[in-house]
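A quick write-up on the structure given underneath.
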């Protein structure tokens, strides 16, 4: 089975959500082979991954060849990693699950999350979806470490955002010695970045109701309300009269009147620059 590195998997979004919710909301339940099979089946409910038929909900059997992670054009592929032979999987995965639920209990839970992720990603026990499942296992271990059903950051999402660095450190670790220190250093720094990202997102979410509360009952028309919300949500690039007109579907003259009215009321302010480069932003936010 040959797996190509992907930078935007979309297989069964519902299955991914179901798996992550089960991992983080039911962290008190043991991780078993049957639970892993259920996760995998939810990721590939049709038994297909793209155009390929795969064995869903069971260990891979390598009937089409060894498990390899490759990139590059067909005929000029680069093999990043080759997983253990399928005949070893049942025994190796049993050892993994026993460690995760028993022998590894003395490990720090965060360290355990990093080791579990690496171990599972190295075994690659399924035809596809191993990366997503490894991230779910890490989030399960982290949920156990926090002893809380509520979490405001996702390790899985953070790894996806940093997937280029993730693939690099994972490959270097798998192709190197048994020293996992560089991997653990990278992995352990991820929660901090994930929490920072969650705080940024939360601040943006809270900024919107605060803005409208501060504005009070001051009248704005529908175009202005729409465009102000776009700015609060993170408008791409600089807001100019022409972008206002295009986004709000109005004439340039109407857009300019809308903008100047908000500038006069201190809601918008003009950024440095004149002429066609004149742009605007929310007052106090450049």
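Figures for the structure shown
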item: Filtered residues of the stretch 226-266 (kept if more than 23 Å from residue 210 (Cβ to Cβ) and modelled with pLDDT under 90); result: 237, 238
item: Count - residues of the stretch 104-129 that are in contact (Cβ under 8 Å) with a residue 40 or more places away in the chain and either assigned to a loop (DSSP other than H, G, I, E, B) or under 22 Å from residue 25 (Cα atoms) (or both); result: 12
item: Residue 111 being surrounded by fewer than 18 Cβ atoms within 10 Å (Cβ to Cβ), within 30 Å of residue 192 (Cβ to Cβ) and in contact with a helix residue (DSSP H, G or I) (Cβ under 9 Å, 6 or more places away or on another chain); result: yes
item: Residue among 195, 137 that alone is modelled with pLDDT of 85 or more and either surrounded by 12 or more Cβ atoms within 10 Å (Cβ to Cβ) or in contact with a strand residue (DSSP E or B) (Cβ under 8 Å, 6 or more places away or on another chain) (or both); result: 137
item: Index of the failed condition, residue 177 passing every other in (1) outside any helix (DSSP H, G or I); (2) surrounded by fewer than 17 Cβ atoms within 10 Å (Cβ to Cβ); (3) modelled with pLDDT under 85; result: (3)
item: Close pairs (6 angstrom Cβ cut-off, 6 or more residues apart or separate chains): surrounded by 13 or more Cβ atoms within 10 Å (Cβ to Cβ) in the stretch 228-244, at pLDDT 85 or above and part of a loop (DSSP other than H, G, I, E, B) anywhere; result: 238/279; 239/279; 240/279
item: Residues of the stretch 232-279 that turn out to be outside any helix (DSSP H, G or I) and closer than 20 Å to residue 218 by Cα, as a count; result: 5
item: Members of the stretch 245-286 found to be at positive phi and in contact (Cβ under 8 Å) with a residue 12 or more places away in the chain, listed by number; result: 266, 284
item: Residue that is more than 29 Å from residue 17 (Cβ to Cβ) and assigned by TED's automatic domain parsing to the domain that holds residue 176, where the choices are 72, 50, 129, 114; result: 72
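The values are calculated or read from the model by the stated rules, or taken from the named source; none is laboratory data. Predicted model, so just to flag it, every value in this text is computed and none were measured. Every residue, glycine as well, gets a Cβ built from its backbone with ideal geometry; the counts of neighbours run over all protein chains shown.
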